[in-house]
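Some notes on the structure that comes next.
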Amino acid sequence: MAGASESRTSSEPAVSPLSIVVVFLLVAAASYGALIAAPEEATMGMIQRIFYFHVSSAWTGFVAFTMVFIGSIAYLRTRALKWDWLSVASAEVGVAFFTVVLVTGPIWAKPVWGIWWTWDARLTSSFLLWVLFVSYLILRTLVDEPERRAMVSAVFGIFAALDIPLVYFSIWWFRTQHPQPVMGDGGSLDPRMWRVLMLCWAAMLGVMTLLIRVRYRLEEMRAEVDALRMEQSRSAR
Amino acid sequence: MKNFNFLVSAYVAIWAIFCVYLISVARRMSSLQDDIRRLKENGK
């Protein structure tokens, strides 16, 4: 098995204590920025402060799902299981980030729009993206054989990732209830808010990196268990 | 302090989601660690 020989021993830590401290400090600074330092938005007031972690979680989710796309293509090209491990780790972490987006969005929408949810292009395509990657994770539980599971998942992962541009560009392509873009054409964010948003995104990318590394280690451990089981069944014969 | 409850709910939800996810990964890792230990002991 390609992966078993590549796995480190299960006793090694998945992330270094220093990286945990750095990410913790980033998250603390981002929370201070979002809740205290950023100026209050004139129309929405304090509820707009959800924006910093809502938007940065969405962008981080896009990065994680793009890693599934890259990992899936790399697996189909090389057939190395490490790419499949990266894909599943990124998919699971991406689903966690998009769960944050889908939970914080309605909490923000209710006091601002007067409704929790509306089936417009941005919200529907975001929900669809989440459903596609939850399906990707469920699909993996249905196939036992690692190489076959990796192959089926890679094909589905590439298909699911095709929804990413649809979600991102939906506010340009369709009339939607969702606020207009804060970057590129149409972006008009206060520079102080922009800096806090970037800090929150850096913090979320740090959290994503730690979670993917830990989740990747889980896959390494699974491969180690499979290799040990195979070894024992061979020696029992 | 209008909408303060909504703001607090959102931030609690964000960190609750990550905590639940981290606990789920930690439990799965602990279970695999036990499997590895057991399989290594059986193999001796």
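The values are calculated or read from the model by the stated rules, or taken from the named source; none is laboratory data. Just so we're clear, the structure is a prediction, and the values are computed from it rather than from any experiment. Neighbour counts are summed over all protein chains in view; Cβ atoms, including those assigned to glycine, are modelled from backbone coordinates with ideal geometry.
Worth a mention:
- Within the stretch A:33-42, at least one residue is within 9 Å of another protein chain (Cβ to nearest Cβ) and part of a helix (DSSP H, G or I).
- Only residues that are within 28 Å of residue B:25 (Cα to Cα) and at pLDDT below 90 were counted in the stretch A:1-54, giving 15.
- Whichever residue in the stretch B:25-44 is under 19 Å from the mean Cα position of the chain (by Cα) and among the hydrophobic types (A, V, I, L, M, F, W, C) and, among such residues, is farthest from the other protein chains (Cβ to nearest Cβ): B:26
- Within the stretch A:57-163, helices (runs of 4 or more DSSP H) holding 3 or more residues that are over 19 Å from the mean Cα position of the chain (by Cα): A:81-113, A:146-161
- Inter-residue pairs, beta-carbon under 8 Å, first in a helix (DSSP H, G or I) and in the stretch A:172-195, second modelled with pLDDT under 70 and of a type in the set (A, V, I, L, M), 6+ apart: A:194/A:182
- Applying the criterion of being more than 23 Å from the chain's Cα centre (by Cα) and of a type in the set (Gly, Ala, Ser) to the residues of the stretch A:164-195, the residue that is modelled with the highest pLDDT is A:188.
- Subset of the stretch A:64-87 [closer than 23 Å to residue A:168 by Cβ and either surrounded by 19 or more Cβ atoms within 10 Å (Cβ to Cβ) or at pLDDT below 95 (or both)]: A:64, A:65, A:67, A:68, A:69, A:71, A:72, A:86, A:87
- All told, residue B:25 falls short of being surrounded by fewer than 13 Cβ atoms within 10 Å (Cβ to Cβ) and free of Cβ contacts under 8 Å to residues at least 60 places away in the same chain.
- The stretch A:110-119: number of residues that are under 19 Å from residue A:130 (Cα atoms) and crowded, with 16+ Cβ neighbours inside 10 Å: 0
- Filter pass, residue A:74 being facing chain B (nearest Cβ under 9 Å), out of contact with any His (no Cβ under 6 Å at 6 or more places or on another chain) and of a type in the set (Gly, Ala, Ser): no
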